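The values are calculated or read from the model by the stated rules, or taken from the named source; none is laboratory data. Predicted, not measured: the structure shown is a model, and the values here were computed from it. As a convention, Cβ positions derive from the backbone with ideal geometry for all residues, glycine included, and neighbour counts pool all protein chains shown. When the accessible area is computed, the model is the full protein with side chains, heavy atoms only, and any ligands, DNA or RNA have been set aside. Shrake-Rupley method; radii C 1.70, N 1.55, O 1.52, S 1.80 Å.
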Amino acid sequence: MNDVQPKATIVIFGATGDLAKRKLFPSIYKLYQKGKLSEQFAVVGVARRPHTDESFRHYVKETIEEATKQELMDDPFISHFYYHSLDATNTKSYEQLNELLTRVEEQFHIPGNRIFYLAMAPEFFGTITSHLKSEGLTATNGWTRLVIEKPFGHDLQSAQKLNEEIRQSFSEEQIFRIDHYLGKEMVQNIEVIRFANAIFEPLWNNRFIANIQITSSETLGVEDRGRYYDHSGALRDMVQNHMLQMVALLAMEPPIKLTTDDIRSEKVKVLRALRPMTHDDVDNYFVRGQYGRGIVRGQQVVGYREEHSVDPHSNTETFVAGKLMIDNFRWAGVPFYIRTGKRMTEKSTKIVVQFKDVPMNLYYRTSEYVHPNLLVIHIQPDEGITLHLNAKKSGESMKTTPIKLDYCNNCIDGINTPEAYEKLLYDCMRGDATNFTHWDEVAASWSFVDPISEVWENTKAVDFPNYEAGSMGPKKADELLQKDGFHWWSLNGTM
Ligand SMILES: NC(=O)C1=CN([C@@H]2O[C@H](COP(=O)(O)OP(=O)(O)OC[C@H]3O[C@@H](n4cnc5c(N)ncnc54)[C@H](OP(=O)(O)O)[C@@H]3O)[C@@H](O)[C@H]2O)C=CC1
Ligand SMILES: O=C1O[C@H](COP(=O)(O)O)[C@@H](O)[C@H](O)[C@H]1O
C-alpha cells in the first residue's frame, strides 16, 4: 500500500467502450502526468473490434486529447498501450492474451502485477473471471486484482450468483467493486468533517439532528443507455449503490482505526440497521417518479417513454424519493431523506444536515423566525461545506438574520480536484480497498432495496409520467417530508 508509484499492467476488458474512453484512459493519463505511475506500467486494451497496437494507441491518444483538451504530441505515455482483440467467450484467445502480458511485463520490468478491469456488461463477468483463472492469467509472481463495474446484480439473488461465480477465481481481498461516488472528493470528506471536528461529533445523533437530506439530481435523461436503464430504473441505478453508500458514511460509528476493514465494518452495520421495508410500507416511505416532456436548461426535451430503446409504456422510475430510518441508538427517530432523478432542474449532489431547533425562541417578541442550523455538504458540482447559523442583524436591536459560513474546496486556485476514477484506479493499484464496496455492503443494500422494487415492478404506476422534465420531481416527494413537518432545503443556497 505504500508504493507511491505502483508497477502494474492494467488489462481493460471493454477497451473500445464508453467508460474506457470517457473515464479510464483520461484518468490513467492524469496519474502519469502527476508522476503517480512510474515508467513500469502498461495498459492492455481488450475487446472484439480489430485494432493493431498502433491504431489502438491512436484511438487512446484521441480520446485523451478530447477529454483533457490537451495535445499529447509524441508523449512516451502512449507507447505503454497495447491491444488484444478477443471475444470474452473464446478460451483460446486468453492464452494469447497471457503471452502478450508476459511480453509486456518483460519489456517494462513489471513484476507480474496485474489489474483486470472489467468495463463490460455484467453478463460477461463470470465467463471472463473463470477464463482468467483456467488459462493461467492470474498465476503470476506478483499480485492480481479484479475491478468490477456496476451494476453488481439486479437483486440480491442475482448479485449472490454473480459473486459466487467471481469468487471461484478471485478472493474477496482481490475484488475491487467500483462505486464511483466513493471516489468523489467531498464524499471522502464526510468522514473527515465528522471525525476531525470536535464541534460536530458530539451533535451527530438523534438528540441534536432533526433530519438528514441527500439529493442527487441530474439534468441529463437516459441518453443512449435506454436499454440498460429501462430494466434498471433509478432505484437500482442510484439508490442501491451511491445513495446508500452516502447514508452509510453519514451514519456510521467512528471506526476504531482508519483501516479498510474497520471502516467497512461500520458501514455494513448501518446498512443492516436500515429499517426493512415490508411491501405494505413501501408507499408510506418511498415515492417513484417518471419524467414527461419539459424544458431543461432552456431546451425542450422529450419524456422518458419517448427516449430511444425505452418501452413506450414503461413502468420504470426515473426518480426516487425515500425516507430511511436507521434503527439503532444513535439514529432512532431521525429520518434520512434521499432523492435522486434524471431530467431535474439542475445537476447537483448535496447533503443537508438539519439540526433540531433551539429549545425556545427568545426572539419571538420581534416576530423573528429563528432558522434551524444546517450543515450543507456540497458534493458536486461545487465542492465544499456551508454552515447556516443565525446572527444579529447589524444595527437593529436584537433582530436576527441568517448567515452562512462557507468553505469552497474547488474554488481555491491551484486545486484541481482529481476525477473519482483517477483516485479509485490509483487506490486499486496501491491495494487500498477502502473506497470500494465489500460484498457484505452490496448484499445488505440489495436486501433493503429488493422489497421496494418488488412492489414497483408488480404495480403499474398509473400516474406516470408524474413530473415534468426540468422540475424537482413529483409533488408526492414534497409531501413525504411535509407529513413529518419538514421540507426539502433548496439546492441553490437560498433557504
Ligand atoms: N459508461 C459509463 O459512464 C458507465 C458504465 N458503467 C458500466 O461499465 C460497463 C461498461 O460500460 P460502457 O463502456 O458504457 O459499455 P459499452 O457498451 O460502451 O462498451 C462495452 C465494451 O465491451 C466490449 N465487448 C462487448 N462484447 C464483448 C465480447 N463478447 N467480448 C469482448 N468484448 C466485448 C465492447 O467492445 P467490442 O464491441 O469491440 O467487442 C466494448 O468495448 C458496464 O457494466 C456499465 O454498466 C458504469 C458506470 C458508468
Ligand atoms: O452510476 C451512475 O451515476 C451517474 C451519475 O454520476 P455523477 O457522478 O454524474 O453524479 C448516473 O448518471 C448514471 O445513470 C448511473 O449509472
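Miscellaneous remarks
- Our note on the geometry: Cα centres of the range 323-347 and the range 215-246, 16 Å apart.
- Surface/4 of the Cα convex hull for the chain, nm²: 25.6 nm²
- Counting only the Cα atoms, the range 334-458 fills a convex hull of 222 Å³ per residue.
- Sparse packing (at most 14 other Cβ atoms within 10 Å of the Cβ) combined with a DSSP loop state is found for the following trypsin sites (Lys or Arg not before Pro) in the range 1-98: 34, 48, 69.
- Here the 3J(HN,Hα) profile of the range 300-308, calculated from phi with Karplus coefficients 6.51, -1.76 and 1.60 at θ = phi - 60°, is 5, 10, 7, x, 4, 5, 9, 6, 4 Hz, Gly and Pro shown as x.
- Taking other residues whose beta carbon is less than 11 angstrom from the beta carbon of residue 89, and scoring Lys, Arg as +1 and Asp, Glu as -1, yields 0.
- Computed on the Cα atoms alone, the convex hull of the range 286-370 gives a volume of 170 cubic angstrom per residue.
- Considered as an equivalent ellipsoid built on the Cα gyration tensor, the range 23-67 has semi-axes of 20, 13, 9 Å, the largest given first.
- Sequence-ordered 3J(HN,Hα) estimates for the range 392-403 from the Karplus curve with 6.51, -1.76 and 1.60 and θ = phi - 60° stand at 7, 5, 4, x, 7, 5, 6, 9, 9, 8, x, 10 Hz, glycine and proline given as x.
- For residue 120, distant residues with modelled amide H under 5 Å away: 149
- Qualifying GluC sites (Glu not before Pro) in the range 58-93, where qualification requires a DSSP coil assignment and no more than 14 other C-beta atoms within 10 Å, comprise 71.
- Only protein atoms count toward the accessible area here, which uses a 1.4 Å probe; on the range 362-495, the carbon and sulfur part of that area reaches 53 percent.
- Cross-link reach list, lysines versus residue 393, counting only Cα pairs under 20 Å and skipping chain neighbours closer than eight places: 404
- The trypsin sites (Lys or Arg not before Pro) of the range 284-392 that meet both conditions, a loop assignment by DSSP and at most 10 other Cβ atoms within 10 Å of the site Cβ, are 297.
- Helical contribution to [θ] at 222 nm, DSSP H n ≥ 4, -39,500 (n - 2.57), averaged over the chain, rounded to 500: -9500 deg cm²/dmol
- Working note: Cα atoms of the range 279-323, range along each principal axis, descending, whole Å: 38, 24, 10.
- Residue-count net charge about residue 219 - beta-carbon cut-off 9 Å; Lys, Arg +1, Asp, Glu -1: +2
- Entry for the range 8-149 at q = 0.13, 0.16 Å⁻¹: log10 I(q)/I(0) = -0.52, -0.80, Debye formula applied to identical alpha-carbon scatterers, no solvent contribution.
- Unpaired by the 4.7 Å Cβ criterion, cysteines found in the chain: 428
- Under 5 Å, built H, 5+ apart or other chain: amide partners of residue 373: 355
- With 19 Å as the limit on Cα-Cα distance, the pairs of 61/184; 323/476; 23/92 that go past it are 61/184; 23/92.
- Across the chain, the relative contact order, built from alpha-carbon pairs under 8 Å that are at least six residues apart, equals 17 percent.
- Fully extending the segment from residue 360 to residue 87 would add 91.4 nm, taking 0.36 nm per residue of separation and subtracting the current Cα-Cα distance.
- Of all aspartates and glutamates in the structure, the ones whose alpha carbon falls short of 20 Å from that of residue 257, not counting any fewer than 8 places away in one chain, are 173, 191, 201, 266, 427, 432, 440, 441.
- Whole-number accessible area per residue in Å² for the range 70-131, which is evaluated in the context of all protein chains at 1.4 Å: 44 Å²
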